[in-house]
């Protein structure tokens, strides 16, 4: 037995797919069971959960700002309803929860030797820096047709920025042109960053813009087809870049 890599890549990113596929599958056919890996015996304890919550609390030295803003009640439903591939919805949910494996988050969990940005090396790599502030990142936004979003360069919270983006959209077309497209651009920014970190591939903003535009055209065409033929059963996008 082995993992279905194609299905994994359709739901989560390349990094997560590799981590999941590295988990051995029981040869004896034994069923899975839940393990709380924050205790020695793998059994859930309230005390360990409390300690974990204290470590993750935004006021306990975290420089990441994504968790500081309490969103509207319907916010998470809007995130999970975005008409983009499932792995991009999952990615943007993690962005808004400050759950990406940035250098800052890894350093706070003692999984990295430095919180500095692996691209520019000068500033702590928070989610906001990775997606919005780094020079290479800003070049991607500027090169895309979302460059008019001037708040990108100064935002202090990815979650607050996303909430504001939703609130400033007056109709579905604006939401597709802004929110949906922004998540796709953000996904390819992260992918380019990971290619640099793990494969030492140079980051070319123009190439990132082209990749995001290509996937966005595919997503947009798919959504238009559903609107034109609402009674026609359509399959989810399978041939997007991974």
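The values are calculated or read from the model by the stated rules, or taken from the named source; none is laboratory data. These numbers come from a predicted model, not from an experiment. With ideal geometry, Cβ positions are generated from the backbone for all residues, glycine too; neighbour counts draw on all protein chains shown.
Go through 84, 163 for me and flag whichever is touching a residue at least 12 places away in the same chain (Cβ under 8 Å), in contact with a helix residue (DSSP H, G or I) (Cβ under 7 Å, 6 or more places away or on another chain) and closer than 23 Å to residue 16 by Cβ.
After applying the criteria, what remains is 84.
Being touching a helix residue (DSSP H, G or I) at 6+ places or on another chain (Cβ under 8 Å) and closer than 28 Å to residue 10 by Cα: is that true of residue 181 here?
Spelling it out, residue 181 is indeed touching a helix residue (DSSP H, G or I) at 6+ places or on another chain (Cβ under 8 Å) and closer than 28 Å to residue 10 by Cα.
With the stretch 1-119 as the region, which helices (runs of 4 or more DSSP H) entirely inside it contain at least 1 residues that are touching a strand residue (DSSP E or B) at 6+ places or on another chain (Cβ under 6 Å) and modelled with pLDDT of 75 or more?
Filter on the stretch 1-119 gives 103-108.
Of the residues in the stretch 100-115, how many are surrounded by fewer than 17 Cβ atoms within 10 Å (Cβ to Cβ) and free of Cβ contacts under 8 Å to residues at least 40 places away in the same chain?
Count: 5.
Across the stretch 198-219, which residue is nearest to the chain's Cα centre (by Cα) among those that are within 18 Å of residue 132 (Cβ to Cβ) and not in a loop (DSSP other than H, G, I, E, B)?
212
Which of (1) surrounded by 15 or more Cβ atoms within 10 Å (Cβ to Cβ); (2) at pLDDT 90 or above does residue 240 not meet, given it meets every other one?
The number of the failed condition is (2).
Here is a list of conditions, (1) in a helix (DSSP H, G or I); (2) more than 17 Å from residue 94 (Cβ to Cβ), and residue 185 meets all of them except one; can you say which number that is?
Looking at each condition in turn, residue 185 falls short on (2).
Which of the residues belonging to the stretch 120-139 are surrounded by 16 or more Cβ atoms within 10 Å (Cβ to Cβ), out of contact with any strand residue (DSSP E or B) (no Cβ under 9 Å at 6 or more places or on another chain) and assigned to a loop (DSSP other than H, G, I, E, B)?
126, 134
Output the number of the condition that residue 158 fails; it satisfies all remaining conditions of (1) modelled with pLDDT under 85; (2) crowded, with 18+ Cβ neighbours inside 10 Å; (3) under 16 Å from residue 130 (Cβ atoms).
The number of the failed condition is (1).
To keep it simple, each residue is scored yes or no on (1) outside any helix (DSSP H, G or I); (2) touching a strand residue (DSSP E or B) at 6+ places or on another chain (Cβ under 9 Å); (3) at pLDDT 90 or above.
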{"site": "177", "(1), (2), (3)": "no, no, no"}
{"site": "181", "(1), (2), (3)": "no, no, yes"}
{"site": "223", "(1), (2), (3)": "no, no, no"}
{"site": "231", "(1), (2), (3)": "yes, no, no"}
